[in-house]
Structures are given as structure tokens and as C-alpha cells.
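J.: So that we are looking at the same thing, I have put the structure below in C-alpha cells.
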Amino acid sequence: MKEGSVYDEGFNDDDDDDSILLEFESGSDIEYDDTGLLRRDPGLASLSDEESGKGGNNGYYLDGATISSRNVVIPKDELYENDGVPKLSYRCLTTDQIYELMLERLERIQPIFDISYEDIIVLLQQYAWSEERLLEDWTENRDNVIVSCGLKLGHEPVASRGIRKHANFLCHICCEANKMKTFTLECGHEYCLECYQHYIKDKLLEGKIITCMSCPLALKNKDIDAIMGDNSSQKLMRSSIKGFIQKHSNHYKWCPFVDCNCIIQVGNISTLSEFPRFHLSPYVVCDNQHRFCFKCGLESHSPGDCHVAELWVKMAQLESANLNWVLTNTKECPKCGVNIEKNGGCNHMTCKSCAYEFCWICEGCWAEHGGGYYECTRFKKEDKNGAVESKNAIRKYTFYYKLFSEHENSAKLDWSLGLTVEQKVKALQENIGISWIETQFLPESIRALIEGRTTLKWSFPVAFYSDPSHNLTKIFVDNQSLLVSAVEDLSQLLQVKEPQKIIDRKLEFFNKARFVRSRDKALVECGRDLLCKGICIPHQ
Amino acid sequence: MASLPKRIIKETERLVSDPVPGITAQPHEDNLRYFQVTIEGPQQSPYESGVFQLELFLPDDYPMEAPKVRFLTKIYHPNIDRLGRICLDVLKTNWSPALQIRTVLLSVQALLASPNPNDPLANDVAEDWIRNEDAAIAKAREWTQLYAK
Ligand SMILES: [Zn+2]
Ligand SMILES: [Zn+2]
Ligand SMILES: [Zn+2]
Ligand SMILES: [Zn+2]
Ligand SMILES: [Zn+2]
Ligand SMILES: [Zn+2]
Ligand SMILES: [Zn+2]
């Protein structure tokens, strides 16, 4: 076999590759690209799976079609929905699963190297788990890689690696003279075990190779475990994989939800670029039912597309100082000065002390104001006046931002509501003896509610960037109100506490959740229409 | 306060008994982890004939964690910002517990001798440095006369 041919074939030009990966479910047989790491590579396959033959029972790529392990040819057309919108193929993984995949992969590539499994792990860590770059450098200058990665000294070893015993060793790190146990690598830099333990402990979470305290010679996993007296090296491996995911973020993304450790891996990343022209975003759902955008890494931001979301978030960062005032939850009554706490999304405030009614946004009297739920008409009037335009632009933004953030808060509250619903479901199963399947309407409802809130939240950026005089914008605003009331209705119903009552009202839950879903869909479609027709034009 | 680790005592003793030319480091009497440092500007550098005041602090985790060093004297240098913070590899990623206060201060002195505008901390200074090196060096000299006397 010619040197280099092993990887020349499969590792080139990953990101623009047209080949499409379908086979997610068969576990270790699948590889994806980027750095060649997780992609079925015919060259390597024939190396390690000699008996199966090239492409035998492993999926591999053909132009426009993929042969899966079941030998089914799937035409490229089926990677698109009926309306020509691309389909995303992805799966949800944990860091441990990714690490497992790496190890499986490692076994396959080991024959290429003439060094131990452990040493290859060190090399891969140094190369951020990028086999492609490693193999390239390895073929070019093997000895250089070995020294620069800290596998070997540039000169002859002066000591043998391992833990040593002494009567009283003077350690130059802690300067204590009575040390009994030490550790050294081939370099002969010898320090006490306590210092090494402290040193390693601090570095386990950094995910980088741990070297000798004095030189670039690398500690291997078994050295780390020997020094620490446990399997600490696994901790290092896990944090090292995190670095890998960050480095290869075009293929892998962390679920952005708090405390969720899921990683989504997209197989056909070449389709990602097709979404914007449909004003759609590549949404993925993790195993914990969190929906997020694989392109920008934000939570689901429909009806806005990635462009809307990006500009909106950027503006929020720029305006953050201005936004603080509007986001505080209490305000003094403009008339009597009593502190009024805001609750809910309504801008129509009534002072508990003097009964003065005013608008939360402009603090004007509500009677003269005559606005609806979203509209602060006073602010609209000022809009016509050129002199206050720039001030008004900020006002307009803060106004929409406030509504946006209110729905964000409500969505957060609904998350905690969702947790109590989980307990309710358990109670239903245990107390009334209802089967799991029969209680699924509850988590279903909560999902509809949270997704509805999220859609509402992101509908304000779309409204903000839309031409207010256009008829479709007005329809959009009407659709917002409809979703608001659908969502409020369902949210109210979810406050029901008694298990029996919940079961009795099952049909109501079902219908209200379904209504939220259909209102949600209508608003999303209307928003997309605004974008497609150029009525909503995100700008800075 | 916990007793001072032997390592710090040893290093302090040596800094006093065997000082590095052009560098002084005195531990504060109330806090033996806090050092007042002076570094003389290296010859043939724009900082020549200046004496720069610095502070050095040894964190609890020293020597596993690098010392914290900061210029107190105002200085015009692409790798030192307005707050006196220093962009130096051995103070960050390249720190190793086998290094010492002495080696760190020598590295700072070397940084004065050879500013590196391609790895800047003070971006505006670095830009000046790249755009017009002579003017930047003149300004560094001027600041040395003004503040480091
Ligand atoms: Zn020690
Ligand atoms: Zn060493
Ligand atoms: Zn998640
Ligand atoms: Zn997006
Ligand atoms: Zn009042
Ligand atoms: Zn109201
Ligand atoms: Zn108003």
C-alpha cells in the first residue's frame, strides 16, 4: 500500500462534500466527516474491514445516493421535503458516546501507526482529535510529530518512567526535603507525588495534554491514573472531547438549554446553507426535547429566521444599558409615586394607590392613549416627528424588546410548571392507576405551551422589523393576539392540581393544546410570509 | 493566615541573598505573598534608565498557579495595557510550577527589551507600533522620562 493513499481518498474537502450521510442508527458503523473523524471512509474501511470488502455492509457515499447497510439506495430527492425544503439528518449524543466512537475509530486507524494505542490517544489529544491533520503530519514527518507531541525526548532518556520510592527526597516544587514517593518521566525531572497530584488535579478539566512539570514530555493516561490512584484520566478524556466539539462546531453543537449536556451531530451539513433562502432555520431536537437552531445555536427562533435572530440579539447587546430601565419590574406611578409592580404581559397599568391608569412603556395616561395590547400609540405619533426619530428608534426597540423578554420570562416559568406536571403524571399513574400512555396528554400540553411561548417571544423581532403599514403586518399582529390568548388559556388549565380533575378534563387539555399548536403554526407561517415577501426586512 | 509554604520562603530568601541584576523584589511585611518589585529598563531599549514599579502576588495555589504581576508605573508598551496588565505566555498558558518568581521577572525584563506588537494586549499601542515604529519608540522613551524616574 502506498503511503498516503489511506487517507487521501476520504479526508479531503469535508465541508463542501456533496455526499450525504443517512445511516445514523447503526452505531459504530457510521462515521461523519470533518477531519475525517466520523465519516465512513472507503480507504480506511477496506483497511480494517477487509473481510467485508470495500463498501460491503457498511454505508458509504455515492454521488447523489447512499448505500446503507441494508443495501437500499436512497435517491437524493428524498433528502428534501415535498416543497423542496432540505431535510436535516442528525442525532443526539453525549460526550461519552462521542468518546466511545473515537475509541472505536482509534482501533481502526491503529494499524496505520506503529505505536501503542495509548500513544495515539496522546497524539489525537494534541491534534484536538483531528485524524486528518494528524495523519498528514505523521506521513510528512513522523519523528517530528513524536517529539513535538511529547511522546519522546529529543535526546536519549536519562531515567525510566514511573513512581519511585525514596528515604528523603528534596522536591524542587514544594521545597520539602522528606518526600518518600516521587514520579519521573524519561527526562529525569523528578518531583514528589503530592506535587504531581496537585498539578494534575488542576489540569484534568482543561482537556489538554498534561506534560512533565519541567518539559514538554507528555503524561499518558496510565501515568495519570498511577499518580492519582484512580481513573482520573477519564475525566481528562471527557474534557478533551469537549474541546473537540467546540473545535468542530460546524458538525457538533451543544444543546443551548441550561444543564442539558446533549450534543447534536448533523450528518448532512452541506444542506445547512440551503435553509436561509427559504427563510427557514435548521432546527434540531435533543433527547430532552429541547428544540434549537443548529445554524446559530439559539433556541428555536421561529417565526424569525437566523438573520432576524442574529440582528435582534446583536441589538440587544448594544442597547443593553438602555434596556435595563425598561426591564425592571417595578416603576413609580407617574401620578402619586407609589411603586407598582408589573405582572404579566399587559402594558395597561393601574396604580393600586390612586387608580391612575397608564401605559407601562410611555408612562402616558391610558385614557388618552387608546392603545391595544401591543401598541403604544403615543410612541407611534412621535414616530412621525423627525426630530425625535433616533430617540424613537431606541424606544421602539425597547418596546418590542420588553414584550420579547416578558414572553421569555413566561416560558421560563412554564419550564418549572413542566416539572410539576411531570410529578402530576407520576401521581396519576400511581394513585389512579392510569397507564403511561394515557397520561401523555399532559407533557404534550406543556410542550405545546412552551413552544407557543417561544414562538410568541420571537414574533416580536419579526414585528419590529416589519413595515407597520402593510396589511400583512396587521394580520401578523392579529395572529399574535390569537396565539397569546390560546397560550394563556392552556397555561391556566395547567394550573389544575387535583389528579382526578386533570383526568376528567383530559379532552379540554387535548383541545386547547391542539389549538395552541395550530395558532402557533399560523403565526410562524405568517411570519415567514412577511420575510419571503420582503415586508419584514431585518436591518441594523 | 495559613503558614507560608516552604517553597515561598526559599524563593524569598534567595531573591534577597542572590538578587537578579536590575531587579528587586521585596515581600510586604503584612502579607508575605505580596511583593513590591522594581525592574530597571534594559539598556538599548526605549525604557533604558527608567525604573519601573510592579506588584507581584502569589495566589493560594502557587506554584501550581502562576504569580499575578502588574505594572504600577505607567508604561507605553504593546504588551502592557493601561492597567499595567502584562501579556506574557509564562504568566498564562506556559506557566509551569518548575518556574519561579525570579524567572517570571526575568521574562518581564526581556519583554521590555523586545516588545512584540504582533501579540498585543494594548491594541492601540500595538497599532502605533506597527504603523510607525520610530514614533512609538520615541513615545515610549518620553513616557519613561515622564513616569519612570
Ligand atoms: Zn513536592
Ligand atoms: Zn521533564
Ligand atoms: Zn437539550
Ligand atoms: Zn438560527
Ligand atoms: Zn398612583
Ligand atoms: Zn390591560
Ligand atoms: Zn404608551
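J.: What does the charge count around B:Arg102 come to, taking other residues whose C-beta lies under 13 Å from its C-beta (Lys +1, Arg +1, Asp -1, Glu -1)?
T.: The answer is 0.
J.: Give the distance, in whole Å, between the Cα centre of the stretch B:1-60 and the Cα centre of the stretch A:108-156.
T.: Each part reduced to its Cα centre gives a spacing of 41 Å.
J.: For the pair B:Asn31 and B:Lys74, what calculated FRET efficiency results from E = 1/(1 + (r/R0)^6), where r is the Cβ-Cβ distance and R0 = 30 Å, to the nearest 0.05?
T.: Once rounded, the FRET efficiency stands at 0.75.
J.: If amide H atoms are built 1.01 Å from N in the plane of the peptide, which residues on other chains or at least 5 residues away come under 5 Å of the amide H of A:Cys262?
T.: Residues meeting the amide H criterion: A:Cys255.
J.: Quick one, can you get me the convex hull of the C-alpha atoms of the stretch A:396-532 expressed as volume per residue in Å³?
T.: Per-residue hull volume (Cα only) is 88 Å³.
J.: Can you work out ³J(HN,Hα) from phi for every residue in the stretch A:277-293, in order, using Karplus 6.51 cos²θ - 1.76 cosθ + 1.60 and θ = phi - 60°, giving whole Hz and x for Gly and Pro?
T.: Those phi angles translate into 5, 8, 6, 10, 10, x, 7, 10, 10, 7, 5, 9, 6, 8, 9, 8, 8 Hz.
J.: Report the relative contact order of the stretch A:396-532, percent, no decimals, based on alpha-carbon pairs under 8 angstrom and at least 6 residues apart.
T.: 32
J.: Still on this structure, I have one more. Tell me, what is the percent relative contact order of the stretch A:192-288, built from C-alpha pairs under 8 Å that lie six or more residues apart?
T.: About 19 percent, as a whole number.
J.: Any lysines with Cα under 30 Å of the A:Lys335 Cα? List them, leaving off those in the same chain fewer than 8 positions away.
T.: Partners found: A:Lys352, A:Lys380, A:Lys381, A:Lys384, A:Lys391, A:Lys396, A:Lys402.
J.: In a shell of Cβ-Cβ distance under 13 Å around A:Leu185, excluding A:Leu185 itself, what net charge do Lys and Arg (+1) and Asp and Glu (-1) give?
T.: The answer is +2.
J.: Going by Cα centres, the stretch A:457-523 and the stretch B:104-149 are how many Å apart?
T.: When both Cα centres are located, 61 Å separates them.
J.: Going from the alpha-carbon gyration tensor of the stretch A:80-226, what semi-axes, largest first and in whole Å, does one get by taking the root of 5 times each eigenvalue? Present the calculation step by step, with values, prior to reporting the outcome.
T.: Working: eigenvalues 301, 75, 28 Å².
So the three semi-axes of the stretch A:80-226 are 39, 19, 12 Å.
J.: Taking A:Lys203 as the anchor, which lysines have their alpha carbon closer than 20 Å to its alpha carbon, excluding any fewer than eight residues away along the same chain?
T.: Qualifying lysines at Cα under 20 Å: A:Lys220, A:Lys222, A:Lys235, A:Lys242, A:Lys247, B:Lys68, B:Lys92.
J.: Modelled label-to-label distance, A:Ser353 and B:Leu146, 7 Å Cα→beta-carbon offset: nm?
T.: 5.3
J.: Report the semi-axes of the equivalent ellipsoid for the stretch B:62-149 in whole Å, largest first, where each axis is √(5λ) for an eigenvalue λ of the Cα gyration tensor.
T.: Calculated on Cα positions only, the semi-axes equal 25, 14, 10 Å.
J.: Each residue of the stretch B:23-36 in order: what ³J(HN,Hα) in whole Hz does its phi give by Karplus 6.51 cos²θ - 1.76 cosθ + 1.60, θ = phi - 60°, with x for Gly and Pro?
T.: These are the phi-based 3J(HN,Hα) values: 10, 10, 9, 10, x, 6, 5, 7, 9, 6, 8, 10, 10, 9 Hz.
J.: Using θ = phi - 60° and the Karplus relation 6.51 cos²θ - 1.76 cosθ + 1.60, list the HN-Hα couplings for the stretch B:68-79 in order, rounded to whole Hz, with x at every Gly or Pro.
T.: 9, 10, 8, 6, 9, 7, 4, 9, 9, 7, x, 9
J.: What percentages, rounded to whole numbers, describe P(r) for the stretch A:105-161 computed over all alpha carbon pairs with 5 Å bin width beginning at zero?
T.: 4, 18, 32, 25, 12, 7, 2
J.: Between A:Ser518 and A:Lys201, what is the label-point separation in nm under the 7 Å Cα-to-beta-carbon projection?
T.: So the two model labels end up 6.2 nm from each other.
J.: Mind giving me the nanometre distance, one decimal, between the label points for A:Glu81 and A:Ile163, set 7 Å out from Cα along Cα→Cβ?
T.: A separation of 6.0 nm, rounded to one decimal place.
J.: So for the stretch A:91-220, averaging the separation of alpha carbon pairs under 8 Å that are six or more residues apart and normalising by length, what relative contact order in percent results?
T.: Relative CO of the stretch A:91-220 lands at 19 percent.
J.: Same structure again: Given +1 on the Cβ of Lys and Arg, -1 on the Cβ of Asp and Glu, and no further charges, what dipole in debye does the stretch B:6-148 carry about its Cα centre, rounded to the nearest 20?
T.: Once rounded to the nearest 20, the dipole reads 240 debye.
Values quoted throughout were computed directly from the atomic coordinates according to the rules given, and no laboratory measurement underlies them. Keep in mind that what you see is a predicted model, and the values were worked out from it rather than measured. Glycine also receives a Cβ, built like all others from the backbone with ideal geometry; neighbour counts cover every protein chain displayed.
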